[in-house]
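The structure appears below as structure tokens.
Values in this text are rule-based calculations from the coordinates and carry no lab data. Everything numeric in this text was worked out from a predicted model, so none of it was measured. Cβ atoms come from the backbone with ideal geometry, glycine included; neighbour counts cover every protein chain shown.
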Amino acid sequence: MDIMRFLPTLLDGAWITVQITVLAILLALFMGFVSGLMRLSGVWAVRAVASVYIEIFRGTSALVQLFWMFFVLPFFGISLDPFTVGWIALGLNVGAYGGEVVRGAIQAVPRGQYEASIALNMSKWLAMRRIIVPQALPAMVPPWGNLFIELLKATALVSLITISDLTFRAKQLNDQTFQTVEIFTLVLFLYLAIALVITGVMRIVERWTGRGLARGGIK
Amino acid sequence: MSDNVWDWAFAWKILPRILDAAIITIEATLIGFVFAAVLGLLLALGRRSRNPLLSYPIAGVVEFIRSTPLLVQIYFLYFVLPEFGVVLPALVAGILGLGLHFSTYCSEVYRAGLDSIPRGQWEASVALNLSTYRTYRDIIVPQAIPPVVPALGNYLVAMFKETPLLSAIAVVEMMQEAKIVGSETFRYVEPMTLVGAIFLVLSLVSMVGIRRVEAWLRRKIMG
């Protein structure tokens, strides 16, 4: 079987894919929380900045954003290596979707919780940190999980800016050996395996954020 | 680095070429979506089948397609099918890949719609001695589809934004045209930015359209 011959090369590529996925997830979480909270700000200009970010990154295609950062930024004197462009572009893209997830979950926390925080003389920041966000977290976890899977799938795009990730290696092996069926089937299953790991981790996170909540949710 | 980063005259000159290529993008989106919408309904119905030999494999395939990258699936169709004697032009392979990938998303949408139909509708159909096929065709599906149209619309826009992937198998859609222009003229700023702007405008316009349809449907369903 040739599969054993392909596996080391593909696993090397899978490792790059995992690295990009993890870095992009961290950036997406950061951008998602920042832009989501900014959209709930009382200051008009802060809301506007977040909206522009979210609409631009949700409104254009991930590949367009990747190519734009790869081909166009050097003309503005910013030259990043492909790996950095890869995870930053994907993180910014998914972060924009995450911003809407964060906003939606926070808005779903009942108004009474805000009112009670005010009655207890909590500052806005303290109320967010101690009361609102912890209650919004359980509702955010499943949609974030879906976004992370989308992100993993989108990492295949970085092969088009010369990063030797899993998809890039597959394409290369295919050009060399023409064992098309074996290579691409194997690659699809490797992606599936990574996706299953993400799903498993998100299950654990779900249980962890849901602890201490009344059964049946917040009334 | 050139001193003027953005050249309006150049942008204006290449705009017709990009817009010509946009026609391929839109064509791929629409044909791919019709395919996705039809196949998605079949998958959703198959997954509800009481025969486990039908429902389990479908559930597995749907999860598999949803968890793996569209780009690899497009490569798969483009490079693997010829091994079985099926040689497809790049555009057809690409549209097939888009349609297949998004049919799994559509099937989830339909599933939610089908699940929301009250049991009583089924019981009434049994009481009227309708066959399963007729119940689906005349009772269940006509009630299940309209409420999920906006969700389907979201996937239409999502699919539109995935069409640049076709450039990876050398379909000359907007992105590929922009790359060609870039490699001919060594100016990437204008073509890439134009493509981004066209995507932004078209997806914002279609989101507004979808919200209109949503509001119209809500009025219609509410009576």
What is the one condition in (1) within 19 Å of the chain's Cα centre (by Cα); (2) over 24 Å from A:Leu63 (Cα atoms) that A:Gly145 does not satisfy? (2)
Conditions: (1) within 15 Å of B:Leu39 (Cβ to Cβ); (2) of a type in the set (Val, Ile, Thr); (3) surrounded by fewer than 19 Cβ atoms within 10 Å (Cβ to Cβ). B:Val109 meets all but one. Number of the miss? (3)
Regarding the stretch A:80-103, can at least one residue be identified that is within 14 Å of chain B (Cβ to nearest Cβ) and either touching a Pro at 6+ places or on another chain (Cβ under 6 Å) or surrounded by fewer than 15 Cβ atoms within 10 Å (Cβ to Cβ) (or both)? no
Only one residue in B:Ala144, B:Ala124 is in a helix (DSSP H, G or I) and touching a residue at least 24 places away in the same chain (Cβ under 8 Å). Which one? B:Ala144
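Select from the stretch B:1-51 the residues that are of a type in the set (A, V, I, L, M, F, W, C), farther than 29 Å from B:Leu114 by Cα and more than 14 Å from chain A (Cβ to nearest Cβ) and write down the one among them that is surrounded by the fewest Cβ atoms within 10 Å (Cβ to Cβ).
B:Ala9
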For residues that are of a type in the set (A, V, I, L, M) and more than 14 Å from A:Phe184 (Cα to Cα), tally how many sit in the stretch B:71-109. 12
Suppose the filter is farther than 30 Å from B:Gly182 by Cα and assigned to a helix (DSSP H, G or I); does A:Ile88 pass it? no
If we only count helices (runs of 4 or more DSSP H) wholly inside the stretch A:104-207, which ones have 1 or more residues that are within 13 Å of another protein chain (Cβ to nearest Cβ), closer than 16 Å to A:Thr9 by Cα and not aliphatic (A, V, I, L, M)? A:166-177
Return the total of residues in the stretch B:169-200 being more than 9 Å from chain A (Cβ to nearest Cβ) and within 26 Å of B:Phe79 (Cβ to Cβ). 9
